[in-house]
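The values are calculated or read from the model by the stated rules, or taken from the named source; none is laboratory data. All values derive from a computational prediction rather than experimental measurement. Reconstructed Cβ throughout: ideal geometry from the backbone, glycine too, with neighbour counts over all protein chains shown. Protein only, heavy atoms only, side chains kept; ligands, DNA and RNA dropped before computing areas. Shrake-Rupley method; radii C 1.70, N 1.55, O 1.52, S 1.80 Å.
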Amino acid sequence: MKKVSRREFLRTTGQAGAAVAASGALGRFAIGQAAGPTRVEIDSDRVIAPVSHELFGSFLEQLGRAIYEGIYEPGSKFADKNEFRTDVMKEVRELGVPIVRYPGGNFVSGYHWLDGVGPKDKRPTVLDRAWNTIETNQFGTNEFITWAREVGTEPLFGLNFGTAGAEDAAALVEYCNVPGGTKWSELRKSHGYAEPHNVKFWCVGNEMDGPWQIGHLEAHEYGLKATDAAKQMRAVDPTIKLIACGSSGPFMPTYIEWDRTVLEQCYDVVDGISLHRYWGNTEETNHDSQIYVAMNLAMDRQIKEISDVCDVVRAHKRSDKQLFLSFDEWNVWYRARGGDATDGHRTQAPHLLEEPYNLEDALLVGGLANSLMRHSDRVKVACLAQLVNVIAPIMTNENGILRNTIYYPYAWALKHGHGDVLDTLQMGPSYAVEKLGHPIEDVGLPAPGFGQVPYLDVVITRDKAAGTATVFVLNRDLEKSRELELVWHDLTPTRVVSFETLTGKDLKAVNTFADPNKVVPAKLDAPKAGSRMTVELPAGSHSVLTVAV
Ligand code: AHR
């Protein structure tokens, strides 16, 4: 294959619209022949955007065993002086999770933060009406901040817009961020926290478009409420970043219209808008794994659609401000939709939403991480939902922790997803996914497919400071290995630092406490480093290649 000169490459990719038959969501991907390698042309001058520090955050909801038995467990052999599980703290610290959303989720829409601060023996035990469980409030705002600081993560606070609103939200900002001298800041100090918590990111409500949400609102009602609250919160602390509550996803009949109506009201006073989505190998994918591993393209599409809505409202308002997107709930979740609290016996910390993840789920999570990175120009915050026990990469029992399959692609994104995401030109074989099943059947709308889907989903980051570049590749071909040809135009890899893959014969294999290493990364033979490199990716795999450049 002819090597394209640097000048020629920049010229061609600069005219991508004409030169490239895009596969819709992917942008610069040219549909090539049915077989043969996928070729990726790389030029470090072509940058989509730097990976935001908050791109691979996570989420801990006061739900099931996420907090209680997950990160906080009095009496556990792992508990420290604060009753935090040290084994989980070590894991989260090592992962390097940059931001954690808390305390919900649906839970937050009925939560009174005052119940969870102050002396523990004075805190009320309440009935959590979102998940129908018992909440003792032994863990609350200050415990979360203490835990977050200890594991080196930043808090992203959710606010109650169901049973509460502006007054409560502004009070919590004051409690957390004002140094002292006012009612709520002095209360914090009286609770033993002399210094302000300085919480920067705030979610202005959770899924308020959903009829399942406590205090569910119509879009214009939420828009007004959010605008008022945002103004009051900013009066308390003008430096905070506010994320408006976007649509719960494309399955909602009000998808897009909700976002547009809300933003028409609160655009000027917020900084970003939230997106949520969970995937599964369900009727939507016709239970077909070949379709399932293409579903990260639905994330690309959702990001594009919500960016477009933001920009339409921006144009309408002639605003010079561009909103960022906060994909603050994303994951695979389709099996454990309920749990043992739904059978009429309310307990504290029941086993809720404990999804057993298999290999194909992990492949999709790798693809979803790729989708987030290639939209780094717009997605500035994102949270894998969730972190421990509840739809999570990490599980706990009394003897320790288990890494679910999805732990590995998430860990790789955290470890290697740094620096700039490069805007590469790609060409290679693909397969057709013309139609999806019926995720949107409530809406009565067709579910569009993706057209031609590339077998290899490739994202490349370049970390100037570390002197490395990393290639993240999902091989969607579940039958055959596929070749990837990397053509480096201005950087020359001098050494392969690491090349690992997550793959296996059984797409349905899961890790369990009894058998924790069924799905774990394996090393691949390092290719020869150089300006043209060819690597082979195993069938049905997610791989990460890091080179020194
Ligand atoms: O993450 C589990 C739940 O999913 C959250 O509470 C809610 O926001 C979403 O519907």
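For the chain, the solvent-accessible area with a 1.4 angstrom probe is 37 square angstrom per residue. Could you give the distance between the Cα centres of the stretch 513-534 and the stretch 103-176, to the whole Å? Spelled out, the Cα-based centre of one part sits 41 Å from the other. Charge dipole (Cα centre; +1 on Lys/Arg Cβ, -1 on Asp/Glu Cβ; no other charges) of the stretch 202-285 amounts to roughly 300 debye.
Take every pair of alpha-carbon atoms less than 8 Å apart whose residues are at least six positions apart; their mean separation over the length of the chain yields a relative contact order of 20 percent. The residue list Cys266, Pro179, Pro356 was ranked by how far each Cα lies along the charge dipole of the chain toward its positive end, using unit charges on Cβ atoms, and Pro179 comes out on top. Residues with beta-carbon under 11 Å from that of Trp131, excluding Trp131: net charge, scoring Lys, Arg +1 and Asp, Glu -1? Around Trp131, the charge tally is -1. Each Lys and Arg contributes +1 and each Asp and Glu -1, all at the Cβ; summed about the Cα centre of the chain, the dipole is approximately 1560 debye. Just the protein heavy atoms count here, and of the accessible area of the chain at 1.4 Å, carbon and sulfur take up 52 percent.
The simple Förster model, with R0 at 45 Å and r as the Cβ-Cβ distance, assigns Lys464 and Thr512 a FRET efficiency of 0.65. For Arg335 and Asn198, FRET efficiency with R0 = 41 Å and r from the beta-carbon atoms, rounded to 0.05? That gives a FRET efficiency of 0.60.
Between Glu221 and Arg314, residue separation times 0.36 nm minus the direct Cα-Cα distance comes to 31.5 nm.
Taking each of Lys120/Lys189; Lys241/Lys321; Lys200/Lys415; Lys120/Lys241 in turn, the alpha-carbon distance tops 22 angstrom for Lys200/Lys415; Lys120/Lys241. For the chain, the 222 nm mean residue ellipticity estimated from helices alone, with every DSSP H stretch of n ≥ 4 adding -39500 (n - 2.57) and the total spread over all residues, rounds to -7500 deg cm²/dmol.
Relative contact order for the stretch 175-274: what is it in percent, counting Cα pairs under 8 Å that are at least 6 residues apart?
Details: 144 pairs, mean separation 27.6, N = 100.
Reported as a whole number, the value is 28 percent.
Relative contact order (percent) for the stretch 109-190, with alpha-carbon contacts under 8 angstrom and 6 or more residues of separation?
25
Overall form of the stretch 74-200: rounded. Here a/c, set by the Cα gyration tensor axes a ≥ b ≥ c, is under 1.5.
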